[in-house]
Structure formats: structure tokens, C-alpha cells
Amino acid sequence: MRSGNPVLSDSTFLDLGSGTVVSRDAGAMTINGTVNKTAFLLLLTVLTAAFAWSQAFAAPGELAPGFSVYMWGGAIGGFVLALVTVFKKEWAPVTAPLYALVEGFFLGAISALYNHLYEGIVLQAVMLTFGTLFALLFAYRSGWIRATENFKLGVVAATGGIALVYLATIVLGFFGINIPMIHDNGIVGIGFSLFVIVIAALNLVLDFDFIEAGAEQGAPKYMEWYGAFGLMVTLVWLYIEFLRLLAKLQSRD
């Protein structure tokens, strides 16, 4: 039950007391329940994202001075709530909706920023994100893509490598040092973004497999919220990476 998603680890569905999956006949996790809760989290995210978007523009085509409050507040608040959810999975019925609401502020604000720089980019990124989600879900349910152990190990390793690169970027940024090429709009930078998008998309396959395994093994009901939360984390990552790629492509024009 390995997943490249950092919030869905090998022990996510395990009872810490016995080391075995907890079975709940009357209140067990189901795939349909997880799907419904994912849809609800998406709705909450869209609502707060729309609000942050509307507040980001002081006038048509002009960003409001305080729009960054929504962006950074949402980013930091979402990160804190994500950590709480990871370490207190039984709180997921409360923390997952809160995460969706707070993350919506971040997504709405950063989307407004990208759209201000490159008009029309947000709609393209949204369509690509959900197109990728449904395409991979169809491929997974059809058996065209299988989450074998080697597949999982490869995606986990690649995800970890990307995380290290981004961590190094943040740390070096404090000292005014930029990692050359990969964040630029050159061939290397665009190739790097395409690679990251592929790995983020493949994480969706691992998330589908992880949720299916939890439902089959009778994980407790609150894990539906946790599974939906984990899927939301991947979708947010994928959307941001599509924004970055499209921005790089448009900046070359």
C-alpha cells in the first residue's frame, strides 16, 4: 500500500496498536463515500477560490494591494492543516474540509496572479488538471495502468527527488542563490516541468490504488475523508505545476 503522495504513507490504513488494518463492518471506508467526500472538498475549494479571486482585483486587470494575504495565508494555513490531518487522521472529517477552504484562498489568489501575468492561463490549467484526473481514472479502472510494486517504487523515488529539488530551491533562495535552468523558460526548464507533471499525474494512480485498498480492507469510515484529503493534495500539486508550465510556455512568446 505504498503511495508517492506524502500524506498517504504505508501505514496510513494501519491500526497503530496492532499493526493490522482495522475492519469496521457497519462503518467501513467505501470508494463511493471517498468519491462523494472528494467532490465536497472540491466544492469548498472552488467557493473560497472564487472569493479570493474576486478580492484579488482592485480594478479590471489590476491586482489589489492586499491580494498576497490570501495567497500566503492560504498557503501557510493549508500547510498547517495538512500536517494536523496527517498526524491526527481521525480528525480528518473536520480538518479536511478546513484544509479545502483555506487552500481555496491560496489557489484563488495565485490563480489571479498568474492570470494577471498571462490572461487565460487559469482556465487552461483547470481543464488540463481535471482532464488528467479523469483520463487516469479511466485508465486505472480499465486496467490499462496497474500500480505494481515497481511502478510504485519508481513514482515514490521520483516524487522524493522532486521534493528535494524544491526544498533546495527554497533554502538556496534565502541566500539569493537560484538553481539554474530548471525554473527558467528554456528547454531544460520546460522539460523539468513536464517531468514533474508526469510524476504528479502518476501519483493520482497511486492514490486511486491506495483508496481502493483501504476500502477493500475495511478501513474506518473517517478514512474516507482522509483519502479525499490525500487526493486533493495531489490535485493541488498538479494544478500548480500546470500553471508553472503554461507560464513558461507563454513567457517564450
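The values are calculated or read from the model by the stated rules, or taken from the named source; none is laboratory data. Remember, predicted model here, so these are calculated numbers, not experimental data. Glycine gets a Cβ as well: all are built from the backbone with ideal geometry, and neighbour counts include every protein chain shown. Heavy atoms of the whole protein, side chains included, go into the accessibility calculation; ligands, DNA and RNA do not. Shrake-Rupley method; radii C 1.70, N 1.55, O 1.52, S 1.80 Å.
Numerical summary
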{"read-out": "Sequence-distant residues sharing a close amide H with PHE57 (under 5 Å, placed H)", "value": "ALA64"}
{"read-out": "Largest to smallest accessible area among TRP144, TRP72, TRP53, TRP225 [probe 1.4 Å]", "value": "TRP144, TRP72, TRP53, TRP225"}
{"read-out": "Rounded to whole Hz, the Karplus (6.51, -1.76, 1.60) HN-Hα couplings of region 225-242, x for glycine and proline", "value": "5, 5, x, 5, 4, x, 5, 4, 4, 5, 5, 5, 4, 4, 4, 4, 5, 5"}
{"read-out": "Candidate lysines for bridging to LYS152, where Cα separation is under 24 Å - those fewer than 8 sequence places away on the same chain excluded", "value": "LYS89"}
{"read-out": "Residue order for HIS116, HIS183 - accessible surface, 1.4 angstrom probe, largest first", "value": "HIS116, HIS183"}
{"read-out": "Segment VAL69-PHE151, length gained on full extension (0.36 nm per residue, minus Cα span)", "value": "25.5 nm"}
{"read-out": "Qualifying trypsin sites (Lys or Arg not before Pro) in region 124-168, DSSP loop, other Cβ atoms within 10 Å at most 16", "value": "ARG146"}
{"read-out": "Gain on full stretching of the segment that runs from ILE177 to PHE79 - 0.36 nm per residue minus C-alpha separation", "value": "32.8 nm"}
{"read-out": "Accessible area, probe 1.4 Å, largest first, for residues MET181, MET29", "value": "MET181, MET29"}
{"read-out": "Simple spin-label estimate for LEU47 and ASN32 in nanometres, 7 Å along Cα-Cβ", "value": "2.5 nm"}
{"read-out": "Test item: Cα-centred dipole of the chain, Lys/Arg +1 and Asp/Glu -1 on Cβ, debye", "value": "60 debye"}
{"read-out": "Region 101-238 - Rg and Dmax from Cα coordinates, angstrom", "value": "17.0, 50"}
{"read-out": "Which listed pairs, of LYS37/LYS248; LYS88/LYS248; LYS88/LYS221; LYS37/LYS88, have C-alpha distances above 26 Å, in listed order", "value": "LYS37/LYS248; LYS88/LYS248"}
{"read-out": "Label-to-label distance, nm, for residues given as ASP184 and ILE170 (7 Å Cα→Cβ offset)", "value": "2.5 nm"}
{"read-out": "Cα pair count fraction exceeding 26 Å, expressed as % - the chain", "value": "42 percent"}
